1. Between copies, how close do the B:GLY67 label points come, placed 7 Å along Cα→Cβ, listed in nm from shortest?
2. At 7 angstrom along the Cα-to-beta-carbon line, where would the label on A:THR41 sit relative to the other copies? Give the distances in nm, shortest first.
3. Counting other Cβ atoms within 10 Å, keep those with at most 12, restrict to DSSP loop, and tell me which trypsin sites (Lys or Arg not before Pro) in segment B:6-106 are left.
4. Shortest first, in nm, what separates the label point of B:THR25 from those of the same position in the other copies (7 Å along Cα→Cβ)?
5. So what is the relative contact order for chain B, in percent, with contacts set as C-alpha pairs under 8 Å and at least six apart?
6. Take the alpha carbon atoms of chain B, find their radius of gyration, then divide it by 2.2 N^0.38 Å using N residues; give the quotient.
7. Work the Kirkwood hydrodynamic radius out for the protein assembly as shown: mean of 1/r over every pair of different alpha-carbon atoms, inverted, in Å.
8. Given the whole protein assembly as supplied and a 1.4 Å probe, what does the accessible area of B:ASP7 come to in Å², nearest 10?
Protein chains: 2
Amino acid sequence: MTKYEPDLSRLFHALADPTRRAMVTRLARGPAPVSDLAEPTGLRLPTVLRHLAVLEEAGLITSAKDGRVRTCAIVPESLAPARSWIDEQRALWEDRFDRLDAYVTQAMRETET
Amino acid sequence: MTKYEPDLSRLFHALADPTRRAMVTRLARGPAPVSDLAEPTGLRLPTVLRHLAVLEEAGLITSAKDGRVRTCAIVPESLAPARSWIDEQRALWEDRFDRLDAYVTQAMRETET
DNA sequence: GCTATAGTTAGCAACATGACTAAGTATGAA
DNA sequence: TTCATACTTAGTCATGTTGCTAACTATAGC
């Protein structure tokens with residue numbers, strides 16, 4: 001089962017910023033150089049680079065340099081742990097209601113004459 | 001389509017902390033008073049209260065006071081926006097590959113004698 | 001080789017976060 | 001009424017985050 005999960009923290013933290021989410025969305029459509037990612041943000045390059053570093057440390061993107069251009073790309077399935085955690089919570093919740101339901105059903109049965 | 005979404009930022013931010021995730025997991029099993037939530041964390045009450053406030057501001061939990069006990073409960077479906085965003089990214093990604101695939105298929109067809 | 005382009009590094013300021021202690025309030029029980 | 005319980009509020013502190021500017025490096029094109 002789920003244990004320490006510092007990676008989940010980094011993943012969710014990376015996604016908690018609108019600029020970074022926009023970058024992920026952009027990269028979901030295909031790889032792009034740093035400048036292209038910076039352009040729509042209105043932020044300076046060093047700032048953009050920090051955001052990219054956060055995304056990379058979270059495992060959401062990779063990047064490689066070719067000549068003087070660094071191209072970034074999304075890492076497929078990197079969102080899977082986040083999705084799984086969310087699904088787990090829903091499962092716990094539903095399980096709880098199933099049991100509540102069973103309890104109520106049982107109680108009603110016992111109330112019957 | 002998705003636009004500003006400051007709520008998504010708050011949601012992901014709230015989930016970016018292991019203590020808070022543990023609280024959500026605990027509450028997924030059923031409501032609990034503040035003290036019960038505090039106990040396994042090893043944290044002081046004021047700290048726990050701040051975490052709960054973050055969760056509440058993110059819309060993940062609700063709480064109500066009965067006598068001197070405040071009982072917290074999870075808000076069902078509050079994770080839905082996070083889940084949707086993640087699914088959207090995957091959809092974009094898959095769409096991109098469908099198109100890549102179509103392109104390659106087309107290219108191969110044109111290469112055929 | 002010179003120059004423009006595309007990143008990169010270093011360092012700083014402002015604010016946010018997560019923990020704490022100390023002191024206060026409100027309620028249930030004796 | 002008195003006391004313990006269950007928060008609650010206020011205030012502090014260390015650290016982390018997000019933005020910036022300035023100065024630097026490396027490569028492509030002429």
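1. Once sorted, the set of distances for B:GLY67 reads 7.4 nm.
2. 3.1
3. Working: sites: B:ARG10, B:ARG20, B:ARG21, B:ARG26, B:ARG29, B:ARG44, B:ARG50, B:LYS65, B:ARG68, B:ARG70, B:ARG83, B:ARG90, B:ARG96, B:ARG99; in loops: B:ARG29, B:ARG44, B:ARG68.
Answer in residue order: B:ARG44, B:ARG68.
4. 3.1
5. Values: 82 pairs, mean separation 28.7, N = 113.
Answer for chain B is 25 percent.
6. Working: Rg = 21.8 Å, N = 113, 2.2 N^0.38 = 13.3 Å.
Against the compact-globule rule of thumb, the ratio is 1.64.
7. Evaluated on the protein assembly as shown, it is 20.2 Å.
8. For B:ASP7, the solvent-accessible surface is approximately 80 Å².
The values are calculated or read from the model by the stated rules, or taken from the named source; none is laboratory data. Quick caveat, the model's predicted, so the values are computed rather than measured. Quick reminder, even Gly has a Cβ in these numbers, built from the backbone with ideal geometry, and neighbours come from all protein chains shown. The accessibility values were calculated without ligands, DNA or RNA, using every heavy atom of the protein model including side chains. Shrake-Rupley method; radii C 1.70, N 1.55, O 1.52, S 1.80 Å.
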